[in-house]
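Report on one structure; see the data block that follows.
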Amino acid sequence: MKRIAIVYGTRPELIKLVPLILKMREHPLISLCIINTGQHMEMVAEIERSFGIIPNHNLDIMQHNQSLTDILVNVATAIESVIKENQFDLMIVQGDTSTASTVATTCFYNKLEVAHVEAGLRSFNMMEPFPEEFNRKLISLIASYNFAPTHHASGNLLKEGVSSEKIYTVGNTIVDMVQMLKGMPGYSESSTQKRKILITAHRRENHGDGIRNICEAVKTVSQKYPDILFTWPVHPNPNVFEMVTNELGHVKNVLLTKPLNYLALAKELNESYLVWTDSGGIQEECPSFKKPVLILRNVTERPEVVESGFGIIVGCETEEIVNTTIELLNDESLYQTMISGNNPFGDGKTSEAIIKILTGK
């Protein structure tokens, strides 16, 4: 029996860990401990309820206006207590959050092996995204198991000197998750006749001029195409919320909503004609939903989205966003070409592959 702990603190982490947790929970060779650090308490609780996940430990580290240093100190202190109270064989972390990097570092100090789900992503710019690029590079120094989503990501690790014996190309668990959603009662393929554009944007590097430029692009396209409906679940960060509501709150064909729960967001994604986003997770989901995505960033650590044809990097320059959007709205053949590629993130069996590597069965 292998004693494995899985740690998450944010909604994006848990979304990608749900398929792995559900399969590990039923595996005869795994004794699973689920740890929620409590960084995104309410948003994570919604996912836990939806999929029947009950953490063994809830560290409740969230504080109002906490800094990255606060997260580092609080997560490290709390997770070390759990490590010392248990005799885990392995700790699993996901992605590039400060929770993941802090847990991995604390495991290293306590000589506990780490497995990293979604390893090897790189933007090659330490400040974009910040602090995620640093976090993921740090975890790669520590992890005994680097579960890379693609050969591109595996290649990044090899170039950095990570031993090939510690690298496993397994696909991305987000494909497992989308396949689970499509199998749930009530799911149906998009039936809406109205063309919709889904927007999500909240990254630190886009605060200020970036968000303002995105808003200007929305105004321009919405005036030119009054039949298009924009939906923007607005992040509660004041740097995003105040500007978006001030700029777009009275635009007729723009729907501003509170952040959506994951199932509702997936439904919006499924019903959208086109997606604008600076979110890494949504970039990965678009190929599974067969949706073209305009990437509102200057670089992406998921180049496979672009290489497979599903994504175009447009940054946050209003003119580039507007021109690319108009081209896709007017050119059906270009649109169909973008969504005709193969999913670069795997076949939906990533969780099974990870479990087989860790247990041998």
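The values are calculated or read from the model by the stated rules, or taken from the named source; none is laboratory data. Bear in mind that the values here come from a model prediction, so they are computed numbers and not experimental data. Every residue, glycine among them, receives a Cβ derived from its backbone with ideal geometry; neighbour counts consider all protein chains shown.
Overview of results
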| read-out | value |
| --- | --- |
| Only listed residue being at pLDDT 95 or above, touching a strand residue (DSSP E or B) at 6+ places or on another chain (Cβ under 6 Å), of a type in the set (A, V, I, L, M, F, W, C) and closer than 17 Å to residue 235 by Cα, chosen from 305, 275, 293 | 275 |
| Residue within region 99-110 that is crowded, with 18+ Cβ neighbours inside 10 Å, under 16 Å from residue 281 (Cβ atoms) and modelled with pLDDT of 95 or more present | yes |
| Qualifying strands (runs of 3 or more DSSP E) (wholly inside region 150-258; at least 3 residues being of a type in the set (A, V, I, L, M, F, W, C)) | 196-200, 229-233, 254-257 |
| Filter result (small (Gly, Ala, Ser) and at pLDDT below 95) within region 37-75 | 38, 45, 50, 67 |
| Selection count, region 13-31, where residues are over 23 Å from residue 101 (Cα atoms) and assigned to a helix (DSSP H, G or I) | 3 |
| Failed item, numbered, when residue 228 is tested on (1) over 26 Å from residue 13 (Cα atoms); (2) surrounded by fewer than 17 Cβ atoms within 10 Å (Cβ to Cβ) | (2) |
| Sole residue being assigned to a helix (DSSP H, G or I), hydrophobic (A, V, I, L, M, F, W, C), within 24 Å of residue 224 (Cα to Cα) and more than 15 Å from the chain's Cα centre (by Cα), chosen from 358, 328 | 328 |
| Qualifying residue in region 99-106 (condition: assigned to a loop (DSSP other than H, G, I, E, B) and without any contact (Cβ under 8 Å) to a residue 40 or more places away in the chain) | no |
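Residues are listed down the side, and each one gets a yes or a no for (1) buried (at least 21 other Cβ atoms within 10 Å of the Cβ); (2) among the aromatic types (Phe, Trp, Tyr); (3) within 28 Å of residue 176 (Cβ to Cβ):
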site: 30; (1), (2), (3): no, no, yes
site: 33; (1), (2), (3): no, no, yes
site: 36; (1), (2), (3): yes, no, yes
site: 53; (1), (2), (3): no, no, yes
site: 58; (1), (2), (3): no, no, yes
site: 71; (1), (2), (3): yes, no, yes
site: 77; (1), (2), (3): no, no, no
